[in-house]
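Just below is one structure, and these are the notes that go with it.
Just so it is clear, none of the values below were taken in a lab; they were calculated from the coordinates. The structure presented is a predicted model; accordingly, all values stated were derived computationally and were not measured. Every residue, glycine as well, gets a Cβ built from its backbone with ideal geometry; the counts of neighbours run over all protein chains shown.
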Amino acid sequence: MRPLAAAETVGTPALNFVIFAFFVLVTLVIAVSAAGKNKSTTDYYAGGRDFTGWQNGIAIGGDYLSAASFLGIAGIIALSGYDGFLYSIGFLVGWLLVLLLVSEPLRNTGRYTMADVIDLRLRAVPVRAAAAISTLTVSFFYLLAQMAGAGALVSLLLGVSSTAGQDIVLAVVGLLMIFYVMVGGMRGTTWVQIVKASILAAGAAVTTLWVLSKSGFSLSVLLHHAAAASPAGSAVLGPGLEYGVNITSKFDFISLALSLVLGTAGLPHVLMRLYTVPNAREARRSVVWTIWLVGLFYLCTLVLGYGAMWLVGGKQILAAPGGGDSAVPLLAYHLGGTILLGIVAAVAFATILAVVAGLTITASACFAHDVYAGVIRRGDTDPSDEVRVARITAVVIGIVAVVGGIAAKGIDVAFLVSLAFAVAASANLPSILYSLFWPRFTQRGALWSIYGGLISSVGLIVFSPIVSGQATTVGAIGASLITNPHINFAFFPLNNPGLVSIPLAFFLGWLGTVTDPHPADAVRFARMQVRALTGVGAERGGRS
Amino acid sequence: MALFQPARGTAGGTEVTQSARSRASGYEAVRASRDFWTIHRRLGSFVVPACVLLLGWYFLFVIIAVFAPGFMRISVFGDVNIGLCFGALQFVSTFAIALGYRRWAHRRLDPLTDRLRQRLEGGRY
């Protein structure tokens, strides 16, 4: 094993930097070359709708496989074994709900954003405003997670350990992403996702094969060595190390599982990607491609996680900056030295850049299309005006992300991502499903469901042990943000709000509807249903 | 074969006089047509059981992992235990449902929706 002092930078920062710079250069060229084609709102928001199913499928995978997946899940597996695998299965299975329930009707009935679908059904400004607020909230939490991850990664890989230095790097990330989104629009961002997903898949596959070659391509041998290297022994091969500590943490995990499986179908940046293909059939194809990519990728993280447990060891991972998130970079360093580490680091950095760009375009489209054109101007705008607002919004979001990322540097990435999933599953999913499938759904039902889901999920987190009341780490549950034991307003025992907030949002959607004095518009539902099933009236892509 | 014959004589045939512009009533007419309900019923008969099944299968896995971790630790071969096999089966079932749905929708749904959309866009409703 190579000698490596704990809490030091690994590899050669200069080499890592050269590989980063190369990726940035390639993607900038892509963004600039896409810029010439961006003329209309459809070009800017939906990449002209002329991506094919597999291209978009890879791009959705690129948007979805964030740093939290690549570094976070492998890190959880490396530190506590099987429980990290449980996470990844939730992230994968949720895609089937996107495929079966949401992708085709959404593509058939919407134009650019999630709120379009609900608006087609209910045609009410307050509902569009509510959907926009929840879209922006989910995007914000997700964005914070990525920026917080970027901070940890940079300190590990570029040798930037001073606070000011890290903040400068975060600002550079923000600037790059503003550039991609402003110049490249959805077309440029999609190509950046495709490039990133391809190198991420290649990097994960190579490292996985490398680990397997060390154990003679036997999973059993790998697991045996991993368990032997861990202080917990063979307990790492089964569930419970993180979530089995007590009854609260068990229910906490069930709550998390519910958010993960239902959250994917409500993630605005995933839903928005479904509009970049010419029709619903291509949307279906793209989701099947995504399922392949995401599934095979998570199988790789299983090997990478146990591989890091065996070859690097939990002690060294915990001592490195970034903790669990450093498991894969350290594993790469152990296997292939500075070159492989540089490649893995570039992949991880590319991942953060691309996901941040994807979130920014979603949030800027949501603001320009839903808030500005839909709510403030009541539809009275011309497309060039809307795109101009979207570009300005991208700059504002970039600045907010940088400031938020600097503030959120210490917060656990996996936690912020699971928070975004919980809010997406509570605030977005119920009204999407009700709009598409329930004839009686009304405006009051939508407002109660969206605001109820949003307020309850965010509120329960504020009053959970995450924010206050827990001075020390117990199992999976780390210490609170407020570690002062005298400040304790954590009356909700679980860290994950989904178990309460998701059923509540569905219930409020129903209750608001049945108590609404204005009945649902039957003609509007008929139109929605016919359009959702047949695709008539849907905006076509460039080629068809 | 009957599936691919145009549904003359049903609601589709009686509504041809309607202008394509009066879409609102057109949509209701489509919704009343036999083709539409065939698509609707078929889609439901796949999607509803599939969702119930996959969510049930997933939460069965989660609940066993949380409340019966000992069961998951039983060895199948070497250091590979039931938990790992169960987890791998979640991947297999996800791939299988995704591919199964794509195939099924391509063969059983797409021809019908194409026909209905062409009629609607041609102003037949």
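Of the options A:Gly498, A:Val347, A:Asn38, report the single residue whose Cα projects farthest towards the positive end of the charge dipole of chain A (beta-carbon charges: Lys, Arg +1; Asp, Glu -1).
With unit charges placed on the Cβ atoms, the residue in question is A:Asn38.
Once phi is turned into θ = phi - 60°, what whole-Hz ³J(HN,Hα) does the Karplus curve with 6.51, -1.76 and 1.60 give for every residue of the range A:362-371, x standing for Gly and Pro?
Each residue's phi maps through the Karplus curve to give 5, 5, 6, 5, 4, 5, 5, 7, 8, 7 Hz.
Among A:His369, B:His106, A:His225, which comes first, second and so on when ranked by fewest other beta-carbon atoms within 10 Å?
B:His106, A:His225, A:His369
Give the long-range amide H neighbours of B:Asn81: residues separated by 5 or more places, or on another chain, with amide H under 5 Å away, using H modelled in the peptide plane at 1.01 Å from N.
Here the answer is B:Val76, since their amide H atoms fall under 5 Å of that of B:Asn81.
Stretched out fully, how many nm does the piece from A:Thr483 to A:Asn246 gain, at 0.36 nm a residue minus the Cα gap?
Gain on stretching A:Thr483 to A:Asn246: 83.2 nm.
Dipole of the protein assembly as shown, Cα-centred, from +1 at each Lys and Arg C-beta and -1 at each Asp and Glu C-beta, to the nearest 20 debye?
About 2120 debye.
Each residue of the range A:246-252 in order: what ³J(HN,Hα) in whole Hz does its phi give by Karplus 6.51 cos²θ - 1.76 cosθ + 1.60, θ = phi - 60°, with x for Gly and Pro?
8, 5, 5, 5, 5, 5, 4
In whole Å, largest first, what are the principal axis extents of the Cα atoms in the protein assembly as shown?
If we take the Cα atoms of the protein assembly as shown, the spans are 83, 53, 52 Å.
Taking each residue in B:112-122, count the Cβ atoms of any other chain within 10 Å of its Cβ, then average. What number comes out?
Rounded to a whole number, the mean comes out at 4.
Among A:381-389, A:521-529, A:189-197, how do they line up by average Cβ neighbours within 10 Å per residue, starting with the highest?
The densest-packed peptide leads the list: A:189-197, A:521-529, A:381-389.
Could you give the distance between the Cα centres of the range A:253-283 and the range A:26-81, to the whole Å?
14
Work from the charge dipole of chain A (Cβ charges, +1 for Lys and Arg, -1 for Asp and Glu, about the Cα centre) and give the residue of A:Thr52, A:Gly159, A:Leu296 farthest towards its positive end.
Checked the options; the winner is A:Thr52.
Applying the Karplus parametrisation 6.51 cos²θ - 1.76 cosθ + 1.60 with θ = phi - 60° to the phi angles of the range A:388-405, what ³J(HN,Hα) value in whole Hz is obtained for each residue in order, glycine and proline being reported as x?
4, 4, 4, 5, 5, 4, 4, 5, 4, 5, x, 5, 4, 5, 5, 4, x, x
Can you find, among A:Phe421, A:Ala526, A:Phe140, the residue sitting farthest towards the positive end of the charge dipole of the protein assembly as shown, where Lys and Arg contribute +1 and Asp and Glu -1 at Cβ?
The residue sitting most towards the positive pole is A:Ala526.
If the only charges are +1 at each Lys and Arg Cβ and -1 at each Asp and Glu Cβ, what is the size of the charge dipole of the range A:253-374 around the Cα centre, to the nearest 20 debye?
220
Non-local amide H neighbours of A:Ala124 (under 5 Å, H modeled in plane, Pro and chain starts lacking H): which ones?
none
Going by how many other beta carbons lie within 10 Å of each one, how would you line up A:Cys300, B:Cys85, fewest first?
Ranking A:Cys300, B:Cys85 by Cβ neighbours within 10 Å, fewest first, gives B:Cys85, A:Cys300.
What is the calculated FRET efficiency for A:Ala522 to A:Ser40, with r their C-beta to C-beta distance and R₀ = 35 Å, to the nearest 0.05?
0.55
Between A:Phe217 and A:Val403, what length comes free when the chain is fully extended (0.36 nm per residue of separation minus the Cα-Cα distance, one decimal in nm)?
Separation in residues times 0.36 nm, less the Cα-Cα distance, equals 62.4 nm.
Please give the charge dipole size of the range B:20-121, origin at the Cα centre, charges +1 on K and R Cβ atoms and -1 on D and E Cβ atoms. Round to the nearest 20 debye.
Dipole of the range B:20-121, to the nearest 20 debye: 600 debye.
Find the centroid of the Cα atoms in the range A:145-195 and in the range A:355-381, then give the distance between the two in whole Å.
Taking the Cα centre of the range A:355-381 as reference, the centre of the range A:145-195 is 22 Å away.
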